[in-house]
Structures are given as structure tokens and as C-alpha cells.
């Protein structure tokens, strides 16, 4: 049994997963759990020294965790990396597009604005890598494509128009590509995380409690909350799920729908 998770998807053992953005945040936090499921990983990310340090820390060799250094903001580099993975001759069963950037910016300021780089990292790099990997995924008996969206694409967010729109585009891409790959045996899905606790968002206890209070599940979510849904989508058990956007946000509440606000209506309607 995997010590990093209270569950085991046995059919994932020996499968190869390509994933992006592993040197920090959700991607880094997911590595032990994914390895614990028996997956072999091909990680696409920046920072050669960080990548080497991660392998040493996890105590795994190149057969379990292989790195391709790539700046996803560089379209040419992404194209070259996609070609290099294919040329390596390693069977690929799945791809998880995890990498993303979310710089805040004012929509009304025409320049400088991060639109091009945000869309390149969050959307276009995922498209290019998937296009290169598609022939390999077609050969797998369990081909899987998973994009990482965000609840911001549905809730919106001030000063996050580039990020929100790029993530919304992934939702549409998921549904359209699932249709296009009908009969291929490849499933296409998108995970929409909520406020996942990562190192860059570490704040005060008060701030953490406020974030938790916005959810039906009143604790901060971590990458561990994403591992189970991801493994389901990667496994045979999730083989009937495709073209779906699965939200993992702890049940984020609209302020008007919160229990405190609705208590007043409960009394008005005579059921309290």
C-alpha cells in the first residue's frame, strides 16, 4: 500500500505519465503520491538543479522519474521538448498538464500586460505537448489526457482576466477534444482545483481560516485532495469518464448561499 495515500489504483503500476510544472506547488506535492501508485513519471519543467535535487530527495532513479527541462513560456522550446520525448522511444500512457502562472494585472492597461505569456504557459504549451504525444497515447491501452483548469474560470476574479480566460479555454478544449478522439480509447478530462494550499500562498492562521470558511469542507485543501480524483481519471476505473471538468474545491460557497445568510430566510419562511 502506498504510504503517501490511503488508496491504491493497482492498474497504474508501470504506466508512464508525462506531467508539467513539478519544481514547486501542486506538481511538486503530487510527485510522491503519483510515484507511490507505481507510475513512472516524465516531468517537464524549468530548473535543472531543482529537478536533480527533487530526484535525490525522493530517492528514485531515472527509470521512475525522468526530466525534460523546458521553459513552457518559450513556444519553440515546448515544440522541441515534445519532439524529444517522442524521440526517446518511451511508451506514454497519460499526460497531466499541471503547470500554470497567474500574474495579477489590470485589464484596462494595454501594456505591459501578461496575456501572451499566460496563454502560452497555461494553454498553448498544453496544446503543443498533447499534439506531439497523441500518437503515443493512441498506442496505449489506457490513454489519458488531463488538463488542469481552475474554479476561477467559473467564478471570475478581479485582476485575473488573462488567467481566468486561459483556464476557461481549457474547459472548452477538454470537451471538444473528447469528441474528436471518439473511439480512440483516449479519455480527455479537466481537473478544476479550488484554493489548494501551496507554499506561495502560505499566510496567517486568520487568513487560512477565512479561506476555509468559504468552503463547505471547512479546512484548507492540499494537493493530497487532488491525488485521488487524478488517479481515478488515470485508471481503468475512470475509463467511462471523458469530456468532463471535475471540480475539487471543497464546495466553495457563494456568499448569498451561505448558511448564515440563508438562516434569515429560513425564519421568514416559517421553517425555523
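Go through (1) under 23 Å from residue 234 (Cα atoms); (2) touching a strand residue (DSSP E or B) at 6+ places or on another chain (Cβ under 9 Å) for residue 70 and report which single condition fails.
Answer for residue 70: the failing condition is (1).
Of all residues in the stretch 187-229 being part of a strand (DSSP E or B) and touching a helix residue (DSSP H, G or I) at 6+ places or on another chain (Cβ under 8 Å), which is farthest from residue 141 (Cα to Cα)?
Within the stretch 187-229, the first condition is being part of a strand (DSSP E or B), and the residues that meet it are 187-193, 196, 215, 221.
Restricting the remaining residues to those that are touching a helix residue (DSSP H, G or I) at 6+ places or on another chain (Cβ under 8 Å) gives 187-193, 196.
Working: 187: 11, 188: 14, 189: 17, 190: 20, 191: 22, 192: 26, 193: 28, 196: 32 Å.
So, considering only residues that are part of a strand (DSSP E or B) and touching a helix residue (DSSP H, G or I) at 6+ places or on another chain (Cβ under 8 Å), the one farthest from residue 141 (Cα to Cα) is 196.
Anything in the stretch 162-180 that is crowded, with 19+ Cβ neighbours inside 10 Å and out of contact with any strand residue (DSSP E or B) (no Cβ under 6 Å at 6 or more places or on another chain)? List them, or say none.
If the condition is that a residue be crowded, with 19+ Cβ neighbours inside 10 Å and out of contact with any strand residue (DSSP E or B) (no Cβ under 6 Å at 6 or more places or on another chain), then 162, 163, 164, 166, 167, 169, 173 are the ones that fit.
Across the stretch 1-38, what is the number of residues that are touching a strand residue (DSSP E or B) at 6+ places or on another chain (Cβ under 7 Å), closer than 11 Å to residue 227 by Cβ and part of a loop (DSSP other than H, G, I, E, B)?
Summing the residues that are touching a strand residue (DSSP E or B) at 6+ places or on another chain (Cβ under 7 Å), closer than 11 Å to residue 227 by Cβ and part of a loop (DSSP other than H, G, I, E, B) in the stretch 1-38 gives 0.
Let's see how each residue does on (1) under 30 Å from residue 17 (Cα atoms); (2) at pLDDT below 75; (3) within 19 Å of the chain's Cα centre (by Cα); (4) surrounded by fewer than 17 Cβ atoms within 10 Å (Cβ to Cβ):
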residue: 215; (1), (2), (3), (4): no, no, no, no
residue: 223; (1), (2), (3), (4): yes, no, yes, no
residue: 233; (1), (2), (3), (4): yes, no, yes, no
residue: 250; (1), (2), (3), (4): yes, no, yes, no
residue: 268; (1), (2), (3), (4): no, yes, no, yes
residue: 271; (1), (2), (3), (4): no, yes, no, yes
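Would you confirm whether or not the stretch 51-72 contains a residue that is within 21 Å of residue 169 (Cα to Cα), surrounded by 19 or more Cβ atoms within 10 Å (Cβ to Cβ) and modelled with pLDDT of 95 or more?
The answer is yes, given that some residue of the stretch 51-72 is within 21 Å of residue 169 (Cα to Cα), surrounded by 19 or more Cβ atoms within 10 Å (Cβ to Cβ) and modelled with pLDDT of 95 or more.
Residue check: is residue 86 in contact with a helix residue (DSSP H, G or I) (Cβ under 8 Å, 6 or more places away or on another chain), at pLDDT 95 or above, assigned to a loop (DSSP other than H, G, I, E, B) and under 17 Å from residue 43 (Cα atoms)? Spell out how you get there, then give the answer.
Working: in contact with a helix residue (DSSP H, G or I) (Cβ under 8 Å, 6 or more places away or on another chain): yes; at pLDDT 95 or above: yes; assigned to a loop (DSSP other than H, G, I, E, B): no; under 17 Å from residue 43 (Cα atoms): yes.
Criteria not met by residue 86.
How many of the residues in the stretch 230-243 are under 14 Å from residue 190 (Cβ atoms) and out of contact with any helix residue (DSSP H, G or I) (no Cβ under 9 Å at 6 or more places or on another chain)? It would help to see each step written out before you state the result.
Going residue by residue through the stretch 230-243, those that are under 14 Å from residue 190 (Cβ atoms) are 230, 232-234, 238, 241-243.
Next, from what is left, pick out any that are out of contact with any helix residue (DSSP H, G or I) (no Cβ under 9 Å at 6 or more places or on another chain): 233.
Summing the residues that are under 14 Å from residue 190 (Cβ atoms) and out of contact with any helix residue (DSSP H, G or I) (no Cβ under 9 Å at 6 or more places or on another chain) in the stretch 230-243 gives 1.
Could we say that residue 97 is surrounded by 13 or more Cβ atoms within 10 Å (Cβ to Cβ), within 23 Å of residue 163 (Cβ to Cβ) and either without any contact (Cβ under 8 Å) to a residue 12 or more places away in the chain or over 22 Å from the mean Cα position of the chain (by Cα) (or both) here? Quick ask: steps written out before the conclusion?
Values: surrounded by 13 or more Cβ atoms within 10 Å (Cβ to Cβ): yes; within 23 Å of residue 163 (Cβ to Cβ): yes; either without any contact (Cβ under 8 Å) to a residue 12 or more places away in the chain or over 22 Å from the mean Cα position of the chain (by Cα) (or both): no.
When the stated conditions are applied, residue 97 does not pass them.
Where residues in the stretch 114-149 are within 22 Å of residue 45 (Cβ to Cβ), at pLDDT 95 or above and not in a helix (DSSP H, G or I), which of them is farthest from the chain's Cα centre (by Cα)?
Applying the filter and picking the extreme gives 144.
Tally up the residues in the stretch 39-49 that are closer than 13 Å to residue 99 by Cα and not in a loop (DSSP other than H, G, I, E, B), please. Reasoning before the result, please.
In the first step, residues of the stretch 39-49 are kept if they are closer than 13 Å to residue 99 by Cα; the result is 43-46.
From what is left, the residues that are not in a loop (DSSP other than H, G, I, E, B) are 43-45.
Selection size over the stretch 39-49: 3.
Kindly indicate whether residue 38 is surrounded by fewer than 22 Cβ atoms within 10 Å (Cβ to Cβ), touching a helix residue (DSSP H, G or I) at 6+ places or on another chain (Cβ under 8 Å), on the phi > 0 side of the Ramachandran plot and in contact (Cβ under 8 Å) with a residue 24 or more places away in the chain. Explain how you work it out, then say what you get.
Working: surrounded by fewer than 22 Cβ atoms within 10 Å (Cβ to Cβ): yes; touching a helix residue (DSSP H, G or I) at 6+ places or on another chain (Cβ under 8 Å): yes; on the phi > 0 side of the Ramachandran plot: yes; in contact (Cβ under 8 Å) with a residue 24 or more places away in the chain: yes.
Judged against the criteria, residue 38 is a match.
Is it fair to say residue 13 is surrounded by fewer than 19 Cβ atoms within 10 Å (Cβ to Cβ) and modelled with pLDDT of 95 or more? Please lay out each step first, then the result.
Working: surrounded by fewer than 19 Cβ atoms within 10 Å (Cβ to Cβ): yes; modelled with pLDDT of 95 or more: yes.
The answer is yes for residue 13.
Return a yes/no flag: does the stretch 6-18 have any residue that is closer than 23 Å to residue 170 by Cα and touching a helix residue (DSSP H, G or I) at 6+ places or on another chain (Cβ under 8 Å).
Checked the stretch 6-18: at least one residue is closer than 23 Å to residue 170 by Cα and touching a helix residue (DSSP H, G or I) at 6+ places or on another chain (Cβ under 8 Å).
The values are calculated or read from the model by the stated rules, or taken from the named source; none is laboratory data. Everything numeric here is computed off the predicted structure, so don't read it as measured data. Cβ sites come from the backbone with ideal geometry, for glycine too, and all protein chains shown count toward neighbours.
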